[in-house]
Every structure is written in structure tokens, then in C-alpha cells.
Amino acid sequence: MNPQPVVVIVGRPNVGKSTLFNRLTRSRRALVHDLPGVTRDRIVGEAERPGGGHVTVVDTGGLLLKDEDRFVPMIRSQAEVAISSGDVVLLLLDGDSGLIPEDREIAVYLRSLGVPVIPVVNKADRKGVDLQAQEFYRLGLGEPIAVSAEHGTGLVELWDALDGHLPAAEIDDDGEPDFEGDEIHVAVIGRPNVGKSSLVNRLVGDARVLVSEVPGTTRDAVDVICEVEGVRYRFVDTAGIRRKGRTDKGPEVLSVVVARRHLERAQICLLLVDPIEGITRQDGHVAGYAWEAGRGVVLVINKWDLVTDHEKAREDLTDQIDQQLKFLRQTPQVFLSALNGKGVHRLFPVMKQVHRAHGVKVSTSDLNRVVKDAFNRNPPSSMGKRPPKIYYCTQVHTRPPHFVLFTNLDKTPHFSWTRYMENVLREAFSLEGVPFRVMIRGRKS
């Protein structure tokens, strides 16, 4: 199967690129806000072509050719990488404000790259924009397509223009694109400035995500796909998650919502912590989001190259985990440095193991043998005249696994006994890093 065609959306800040991206992909992947410069990284999504098949759509940060702030060169670099990999570029223009010098500069820049460009005039639903759109002919890029990204008008004409630049769609007999193999969806989470973007870049070997010393650089969630030893990984580099009461107004509030949504879309999470600053309560809240969502977790201790006394640091981290991350005591830990790459290779086998455990389906016979043996060795305290008895147990769910124990108990046993049974199942079926559930069903009084 040939790779999907790629459509790249570019334009100056605040012309509606993210709104058009969301409209084409029928999602709310990209942040939409009145402030310019909200999107900084490349956001990748999939759009269904009206005639069948799919295309990859890339939303870029606002393209400026003058270095007005520290992020402009990085944003422009990300846009250039996206443009170089695209089949066609949509230059989004603001029909409400009309043609301005920045639009001319971007058009000249795109022509110099020699890529197919379609001028798209946004906000066509506003009065007079249809007539004003004709002035964009002066850019020398062909006939402008008038659309309203917010309301979805003009998309038929836009797709007609795109089809002239895209290869024919490859569709299976069932009408769906042929995707081979299963992907492991991995969300890279953690509080701001712990090295999430650096780790994603190191894992895929490409400067794919903005990296900066300024906390909060990443606001959107960015998908990156790579393949290692025949296994496809889709990494989502999420914005740094802060507690709800500690976010500023505007884009950072939106980024937390998007980050949590992408966290729930993942199967496993890499929780990055900083051993220099130590594990904080904020790390506990971030980890709690993943655990409550039922996602497998790998605890990644980044910046290990900056630690001088490794033995003492491990002891300190163990104490901090007991205080802030009690529910992650049995979670696999990987010590590495995203900066120099040392230890990063150990992540892939650990991710495969946690992914396997997250989707494990235990045979009923094995499950009953383990549970009944554990029940007989250490039965729950009797809360009635009848001695405690277990009838049978079964697995009712995966990702994460859910187990149900059917007993003759009139009341739920003490949580310490439930924890005992969880520890037995974790050890018997290698469920480290997975927030599996154990439910006790008793006979009604």
C-alpha cells in the first residue's frame, strides 16, 4: 500500500488553520482560540475524501517570515518540514481582513519551494468576502477557493481543487483503507518541562516536536509514528498537564483538556519525572489522570545523566513514590536521558510488555486455579455464620483487564484483602503497570 496523500495547511497566525483542520478531519484535535500563535507544532490527522479513501492533514503553526519572538524560527522550521513532506499545500487566507503584505511574503516563499499551492480564502460566510476574495488572484497562485471553516461551506469546491493534485485513492473491497498491523498508542505525559518533547524526538530520531527551555512550549498534542522491530508505535506528545486550579486562562486551559482527552485515547502512558526536582504532588495528579482512565503506565525517570549519586537518587525516588505515587509502586521504571539517548532503547521492550498486559485475556481455567488457591490460602474474614466461599471467577473486560469474583459473602471484604488478591493476580499474570480491576460479587442478603 502506498502512503496516504498529505495535505498541509499553512498561513499567517489566526486565520483559522486549526478550525479548517478540525473541519476536514471531523475532530477537535487542534486548539482553536482567538489568540494568535496558539498552534506551535505540527498536528496530524486523517480526513475522509468525498470520493472514498483518506488523506493525512497537517496543521502547522502560524507562518511568519520575520523573527518576532523566540518561537518564530522553530515554528517556521516545523512548517518547512511539513511542507517538504506534503503533496499539496493549502495557503489559508483571511477574507475578512483582505490581502496584506504578510500574505504576499508567504506566497512568494511557497512559490520558491516549488510545491503545489491552493489559495483558500476563509470566512466566506461574512458579508462581502466573496467579492473581496478575487483580490487574492494577485498572489499568482491560481483561483482562490472561498470557504467558511467555521460553518463548513465551500468544502465541496475545496475537495474538487485538492483532487487535481492528489493521487487516486487506494481503497479495499470493504471501502476502508488498508492499514497493516496494530499500533501501540503511547501518550507521553508529565508536568511541564520534564523533557517530553525531547524524549519523543529521541525515540523517533527526528526533531519532530518543538523543544524549548520555556515551560509550556507544547500546547497541542502531537502524533508521531515510528516502527521498531516490526511494531508500530504512535506517540502523542501532550502539553504539560497542570492541576485544574493552576492553569492560566486561554490556551493553557484548553491544552489541559486536549491533553487529558489524548491521554484517554492512548493504551499506555509514559509518565516522565525529573529526579533533580524530585517527584511532586503535581506528578501524583498527572499519574492519577492516567491510572483513573485505566491506562497502562511506565514510569520514566528522565535526565538521569544529571544525577551524580545514582544509588542515593534511587532511594530518594523510592521514598517519593511511596508518598506521592503509591498506586505506581509495581509500575516498571526506566532510567534514561532523552538528551544524550542513554537508556532510551530499554523503553521499547517495556512498552511492549505493558501493552501486552493491558490487553491480556486470561483463560478461565488458569484464572480460577490461581484465584481459588489464593482464596483458600488466605480467605477473607468471615462476616456471617457461613464460612467464606468462592464459586468461580471470570474476566469480563480488557484494556484494562477486569476480573469478577463470585462468592457467598454478604458484604464487601476489607480493602486489604482485595489488595492481596490484586497482588496475587499481578504476579501470576505479569500485570505490572496495568490498573486492572478486581470486583467482588456476593450473595444478596
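The values are calculated or read from the model by the stated rules, or taken from the named source; none is laboratory data. Keep in mind the model is a prediction, meaning the values are calculated, not measured. In this analysis, Cβ positions are derived from the backbone assuming ideal geometry, glycine residues included, and neighbour counts consider all displayed protein chains.
Please identify the pairs in which a residue from the range 279-299 that is in contact (Cβ under 8 Å) with a residue 12 or more places away in the chain and at positive phi has its Cβ atom under 7 Å from the Cβ atom of a residue that is surrounded by fewer than 18 Cβ atoms within 10 Å (Cβ to Cβ) and assigned to a loop (DSSP other than H, G, I, E, B), counting only partners at least 6 apart or on another chain.
As it stands, the answer is none, since no pair meets every condition given.
Looking only at the range 406-422, which residues are within 33 Å of the chain's Cα centre (by Cα) and either modelled with pLDDT of 95 or more or surrounded by 13 or more Cβ atoms within 10 Å (Cβ to Cβ) (or both)?
418, 421, 422
Scan the range 302-315 residue by residue and report those that are surrounded by 14 or more Cβ atoms within 10 Å (Cβ to Cβ) and either in contact (Cβ under 8 Å) with a residue 60 or more places away in the chain or assigned to a helix (DSSP H, G or I) (or both).
The answer is 302, 303, 304, 305, 313, 314.
If I filter the range 109-126 down to residues being of a type in the set (Val, Ile, Thr) and at pLDDT 90 or above, which single residue comes out as nearest to residue 148 (Cα to Cα)? Even if it seems obvious, please write down each step before you answer.
Going through the range 109-126, the residues of a type in the set (Val, Ile, Thr) turn out to be 115, 117-118, 120-121.
From the residues that got through so far, the ones that are at pLDDT 90 or above too are 117-118, 120-121.
Numbers: 117: 19, 118: 15, 120: 10, 121: 8 Å.
Only one residue tops the list, namely 121.
Of the residues 206, 220, which is at pLDDT 55 or above, over 17 Å from the mean Cα position of the chain (by Cα) and part of a loop (DSSP other than H, G, I, E, B)? Working first, answer last.
On the way: 220 fails: over 17 Å from the mean Cα position of the chain (by Cα).
None of the others qualify; the one that does is 206.
For the range 96-112, what are the residues that are charged (D, E, K, R), in contact with a helix residue (DSSP H, G or I) (Cβ under 8 Å, 6 or more places away or on another chain) and assigned to a helix (DSSP H, G or I)? I'd like the intermediate steps shown before the answer.
So the first thing to find is which residues in the range 96-112 are charged (D, E, K, R), and the list is 96, 102-105, 111.
Keeping just the survivors that are in contact with a helix residue (DSSP H, G or I) (Cβ under 8 Å, 6 or more places away or on another chain) gives 96, 103-104.
Result: 103, 104.
Can you pull out the residues in the range 324-347 that are part of a helix (DSSP H, G or I), surrounded by fewer than 17 Cβ atoms within 10 Å (Cβ to Cβ) and not charged (D, E, K, R)?
Answer for the range 324-347, where residues must be part of a helix (DSSP H, G or I), surrounded by fewer than 17 Cβ atoms within 10 Å (Cβ to Cβ) and not charged (D, E, K, R): 327, 345.
Which ones in the range 387-405 are surrounded by fewer than 16 Cβ atoms within 10 Å (Cβ to Cβ) and outside any loop (DSSP other than H, G, I, E, B)?
Selection gives 391, 392, 394, 396, 397, 402, 404.
If you go through the range 335-350 one residue at a time, do you hit one that is among the basic types (Lys, Arg), under 30 Å from residue 390 (Cβ atoms) and touching a helix residue (DSSP H, G or I) at 6+ places or on another chain (Cβ under 7 Å)?
no
I'm checking my understanding of the structure. Among residues of the range 270-288 that are of a type outside the set (S, T, N, Q) and part of a loop (DSSP other than H, G, I, E, B), which one is surrounded by the fewest Cβ atoms within 10 Å (Cβ to Cβ)?
Step one: filter the range 270-288 for residues of a type outside the set (S, T, N, Q), giving 270-279, 281, 283-288.
Restricting the remaining residues to those that are part of a loop (DSSP other than H, G, I, E, B) gives 274-279.
Details: 274: 18, 275: 19, 276: 11, 277: 13, 278: 14, 279: 24.
Looking at residues that are of a type outside the set (S, T, N, Q) and part of a loop (DSSP other than H, G, I, E, B), I get 276.
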